[in-house]
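The values are calculated or read from the model by the stated rules, or taken from the named source; none is laboratory data. From a predicted model like this one, the values you see are computed outputs, not experimental measurements. Every residue, glycine among them, receives a Cβ derived from its backbone with ideal geometry; neighbour counts consider all protein chains shown.
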């Protein structure tokens with residue numbers, strides 16, 4: 001079953017490019033953390049592929065596509081990077097298998113994607129708001145990978161020496177509107193096929209912010225937003 005609409009993904013990325021530099025702090029941070037791991041590896045990589053939606057500091061061929069079957073022959077690269085993109089892939093196992101096949105022997109894959117604890121405050125608040133106002137909930141936030149499932153996916157894809165670790169980042173915002181602007185500017189808004197097609201009503205938005213502040217609000221009147229990063233490392237056979 002396909003959850004995510006690739007056409008909407010592409011549309012959101014085009015829209016986000018206009019002001020991405022104003023909202024790219026999380027992408028830049030995770031990208032630097034991802035590529036910094038190469039400093040611990042005593043090896044030079046000559047054929048690197050970047051599958052991320054944006055460029056990275058490490059020199060690489062940039063292929064910013066959400067394809068689950070990559071258009072490259074087996075063994076084409078000795079390094080493949082993917083930063084904050086693959087959580088929107090419908091068949092993550094299939095993508096990882098393709099990445100593994102595109103690596104040359106002893107090639108390296110480094111990936112980062114949002115984990116299941118990402119935006120849990122927003123998830124809980126909007127769910128409670130909809131239940132309160134409508135008696136039911138709409139699919140507004142995407143399901144994401146749980147860290148405990150990641151090693152199994154890497155193993156199924158055929159990677160050797162798979163390693164998974166996580167990081168939790170908390171960002172504070174003055175309002176729910178400021179958080180939503182950042183998500184839109186990052187290209188991280190709803191891409192589900194079954195997403196509500198109408199704009200979120202003002203009543204629902206205000207109720208969500210009210211519940212958000214009641215459950216998670218801080219003394220300085222800001223609200224926290226958690227972003228869980230899952231880092232993936234795997235070697236080609």
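Tell me which residues, restricted to segment 90-113, are more than 22 Å from residue 237 (Cβ to Cβ) and surrounded by fewer than 22 Cβ atoms within 10 Å (Cβ to Cβ).
Hit for segment 90-113 is 90, nothing else.
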Output for segment 185-217, where each listed residue is modelled with pLDDT of 95 or more, in contact with a strand residue (DSSP E or B) (Cβ under 8 Å, 6 or more places away or on another chain) and surrounded by fewer than 17 Cβ atoms within 10 Å (Cβ to Cβ): 213, 217
Search result, residues across segment 62-81 that are under 19 Å from residue 106 (Cβ atoms) and in a strand (DSSP E or B): 77, 78, 79, 80, 81
Members of segment 33-54 found to be under 15 Å from the mean Cα position of the chain (by Cα) and either in a loop (DSSP other than H, G, I, E, B) or surrounded by fewer than 17 Cβ atoms within 10 Å (Cβ to Cβ) (or both), listed by number: 33, 51, 52, 53, 54
Options 125, 132; residue that is at pLDDT below 95 and surrounded by 13 or more Cβ atoms within 10 Å (Cβ to Cβ): 132
Condition broken by residue 220, with the remaining ones in (1) out of contact with any strand residue (DSSP E or B) (no Cβ under 7 Å at 6 or more places or on another chain); (2) under 27 Å from residue 146 (Cα atoms); (3) assigned to a loop (DSSP other than H, G, I, E, B) satisfied: (2)
